[in-house]
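Since the structure comes first, as structure tokens, the remarks are kept for the end.
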Amino acid sequence: MTFIDCHRDGPVLRITLNRPHVLNAVTEAVLDDLAELITEAGDDPDVRVLVLSGAGRAFSSGADLTVGDLSSPAGTIEAANRVIRAIRAVPRPVVAAVHGPAAGVGCSIALACDLVLTSTSAFFQLAFVNVGLMPDGGATLLVPANIGRARAMSLALLGERLPATTAAQWGLVYRVVEPEQLGPALDDLTTRLSRAAPLALTETKQAVNAATLGDLEDSLDRELAGQSALLESADFHTAVTAFAQKRTPDFVGR
């Protein structure tokens, strides 16, 4: 798990994506490791809270388009889905601490967490459309479940950045604080959660997820099918080339 740091702080398990040189862009291998860590934490009775964060300037910029990992695109999507399922299934509260960009599947992972604490310097972006793709990682359900269809559609179709302050106003995240307050706010939140009745937290998490995310499996299946097709399109391959050349892609619709 070279690219993930994991350490216990009393009852709090802190998991940090650690590829700061690429803004914590994720590969299939990184996603697999992340899903495994989250699942294993659910089997440890001494872990009361999980925290997901990113090293350096970002939470995560999404899938890494600079590596050959996407030669098996379905594998990357399925690995991302395992992370989303693990976050939902683990019987502990999962907190995302977002201090910078959370884009693409990085945005999906953050929003799958039970509570998203963010600084004013962060932003969220369903950037998929900008490279000829569609949202995945459960985002087609997670986002509208929080903020409604109209706002979710605008984020998905336009691929624009959503500042953290607006995300909080819309109800997409739990709380936004100034950058220097993120650490203390996170410590306060994890302390409160770690001292709460763990069985009550587990039952509450499961009940709220069942009521609001009951269609998650169907959404993940639809995303996998649609994204797999888009990853084979000329538009996506055009976008990857344009990304490498640092220019705007010219999509042709095939």
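The values are calculated or read from the model by the stated rules, or taken from the named source; none is laboratory data. As the structure is a prediction and not an experimental result, all values here were calculated from the model. Virtual Cβ from ideal backbone geometry, glycine too; neighbours counted across all protein chains shown. The accessibility values were calculated without ligands, DNA or RNA, using every heavy atom of the protein model including side chains. Shrake-Rupley method; radii C 1.70, N 1.55, O 1.52, S 1.80 Å.
Brief remarks follow.
- Computed over the stretch 202-254, Cα set: Rg, Dmax in Å: 17.8, 49
- Computed about its Cα centre, the charge dipole of the stretch 107-254 is approximately 300 debye, with only Lys, Arg, Asp and Glu carrying charge at their Cβ.
- Of ASP250, ASP32, the residue with the largest accessible area leads and the full order is ASP250, ASP32 (1.4 Å probe).
- Stretchable slack from LEU199 to GLN245, in nm (0.36 nm times residue separation minus alpha-carbon distance): 11.4 nm
- Residues whose placed amide H lies under 5 Å from that of VAL177, excluding near-sequence neighbours: THR118, SER119, THR120
- Long-range amide H partners of ALA63 with built H, under 5 Å: VAL26, VAL105, GLY106
- Once backbone amide H atoms are built at 1.01 Å from N, ARG19 has ASN24, ALA55 as its partners under 5 Å, excluding neighbours fewer than 5 places away on the same chain.
- If R0 equals 51 Å, the separation of the Cβ atoms of MET153 and ASP46 corresponds to a calculated FRET efficiency of about 0.75.
- Dimensions (Å) - the stretch 47-141, Cα atoms, principal axes, largest first: 38, 30, 24
- Per-residue packing, averaged as other Cβ atoms within 10 Å, sorts the ranges 56-66, 182-192, 108-118 into the order 108-118, 56-66, 182-192, beginning with the highest.
- Counting every C-alpha pair in the stretch 88-137, the share spaced more than 14 angstrom apart comes to 52%.
- Here the gap between THR166 and CYS6, fully extended at 0.36 nm per residue and compared with their Cα-Cα distance, gives a gain of 54.5 nm.
- Cut-off 17 Å (backbone N to label point 7 Å along Cα→Cβ of GLN181), residues of the stretch 99-114: 99-100
- Computed 3J(HN,Hα) for the stretch 28-41, one whole-Hz value per residue from the Karplus formula 6.51 cos²θ - 1.76 cosθ + 1.60 where θ = phi - 60°, is 4, 5, 5, 5, 4, 4, 5, 4, 5, 4, 5, 5, 4, 4, glycine and proline marked x.
- Taking the protein heavy atoms of the chain in the context of the full set of protein chains, the accessible area attributed to carbon and sulfur is 54 percent at 1.4 Å.
- Largest-first principal axis extents, alpha carbons of the stretch 1-59, Å: 34, 21, 14
- Helix-only CD estimate at 222 nm, as mean residue ellipticity for the chain, using -39500 (n - 2.57) per DSSP H run (n ≥ 4): -15000 deg cm²/dmol
- Table column - 3J(HN,Hα) (Hz), the stretch 103-119, Karplus curve with 6.51, -1.76, 1.60, x for Gly and Pro: 10, x, 5, x, 5, 4, 5, 4, 6, 6, 5, 6, 9, 10, 9, 9, 9
- Helix 216-231 axis versus longest C-alpha principal axis of the chain: approximately 30°, rounded to the nearest ten.
- For the stretch 178-192, the Karplus equation 6.51 cos²θ - 1.76 cosθ + 1.60, evaluated at θ = phi - 60°, returns couplings of 5, x, 6, 9, 5, x, x, 5, 5, 4, 5, 5, 5, 5, 4 Hz by residue, with Gly and Pro reported as x.
- q = 0.11, 0.16 Å⁻¹: log10 I(q)/I(0) that the Debye formula gives for the chain, counting C-alpha atoms only: -0.54, -1.20
- Prolate/oblate/rounded label for the stretch 120-191 (Cα gyration tensor, a/c 1.5): prolate
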